[in-house]
Structures are given as C-alpha cells and as structure tokens.
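Structure record follows, encoded as structure tokens.
Please treat every number below as a calculation from the coordinates, not as lab data. Bear in mind the structure is a predicted one, so any value in this text is a computation, not a measurement. Methodologically, a virtual Cβ is constructed for each residue, glycine included, from the backbone with ideal geometry; neighbour enumeration extends over all protein chains shown.
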C-alpha cells in the first residue's frame with residue numbers, strides 16, 4: 001500500500017471514529033423522539049465513508065493500517081507498541097526500556113541470549129550494532145535511540161529499514177552517568193542493503 005493510500009485510510013478511519021463519538025454525544029443529549037432520526041442520519045454518514053473503502057479497510061485488519069502502534073494509532077493518540085530484544089543481564093537495556101515507557105511507549109521485552117541471530121535476522125550490520133534491538137511498526141530500532149526520534153520516524157515514515165545508535169554513547173537514553181556527561185553521537189538511518197546516512201545528531 002503506498003503512502004498516499006495509507007494516509008487516506010488513516011484520515012478516513014479517524015473521521016469515522018469522530019463521527020461515532022459525535023453521534024454518541026448527540027444521542028445522549030437528545031430526547032427519545034429525536035433518536036430515531038439521529039440514528040438514520042448517522043448511518044448515512046458512515047455509509048458515505050464506507051463507500052470510499054475506509055471503514056471496511058479499517059475493520060478488515062489491513063496489515064498496513066493497524067490500530068496498535070501504527071499510523072492509525074498515532075492519529076488516534078494510542079501508545080505506540082515496541083518489542084525489545086535484549087540480553088537478560090543488560091542493565092542499560094532495561095534503562096532504555098524505562099526511557100521508552102516514560103515517553104508513552106508500550107514495551108514488550110524479550111530476553112534472549114541469541115542477540116547476534118536477532119540482529120542478523122533484521123539486517124543490523126556490525127557497524128550499527130549496540131546491545132539491544134527493537135521492532136516498532138515495521139522499523140528496526142538499534143541501540144540507545146532517543147524516544148522522540150522514534151516518534152519522529154513513525155510520523156514521517158521514510159522508506160528505510162530503521163535507525164540506530166551504534167555502540168553505547170555516554171549520556172544517551174539508558175546510558176546516563178552521575179556526572180551528567182553527554183558525548184555527542186549520530187543516529188543513523190539504514191536500509192535493507194546496508195546503506196547508512198545520518199538521521200539526527202545528538
């Protein structure tokens with residue numbers, strides 16, 4: 001599904017949600033005599049949306065438009081969901097998970113000793129590797145990437161495989177130190193062919 005069609009589905013589906021919410025509110029305020037007419041009017045509005053395919057697509061489980069963690073979730077204000085693979089003994093990984101949760105992410109943590117296999121499976125090359133790997137709405141998140149940049153990625157939806165903070169820069173999310181030291185670092189975007197470019201600098 002291309003970006004324009006996905007955007008149309010998201011907007012239309014959110015409009016459908018808004019129509020439903022408005023109908024419920026108006027229904028609560030109306031008297032019994034008005035409710036039958038109100039029901040007919042709201043049904044006609046939803047039929048118009050369905051004619052464009054948006055309601056059917058939203059309700060049929062289209063993979064590109066998911067409520068949890070996807071573009072529709074962002075539009076509806078739902079917390080984005082991310083799955084994080086990490087070593088059971090990694091303390092800074094756990095701190096990064098706390099950073100994500102503090103910024104509104106719903107995090108599923110999978111502890112594993114097979115991190116090399118995970119990184120290989122999702123196209124994280126040696127030059128990009130850090131201690132943990134996340135998956136969010138079709139993107140790979142490698143290392144101590146700040147939460148605001150993940151949200152930016154989900155909003156912009158560029159045609160890349162993911163973003164990464166190689167290594168473990170001091171002062172990055174989950175790598176804070178008591179002295180407050182913060183080393184500058186690059187957040188890299190990478191594609192499925194292993195090409196990289198600077199996505200942001202911190």
Taking 116, 94 and counting other C-beta atoms within 10 Å, the order from fewest to most: 116, 94
Three-way shape label, region 88-184, alpha-carbon gyration tensor, a/c 1.5: rounded
Relative exposure of 110, 141, 150, judged by other C-beta atoms within 10 Å (fewest first): 110, 150, 141
Extended-chain gain in nm, criterion 0.36 nm per residue less alpha-carbon gap, residue 151 and residue 111: 12.0 nm
Residue-span extension gain [residue 78 to residue 181] - 0.36 nm each, minus C-alpha spacing: 33.7 nm
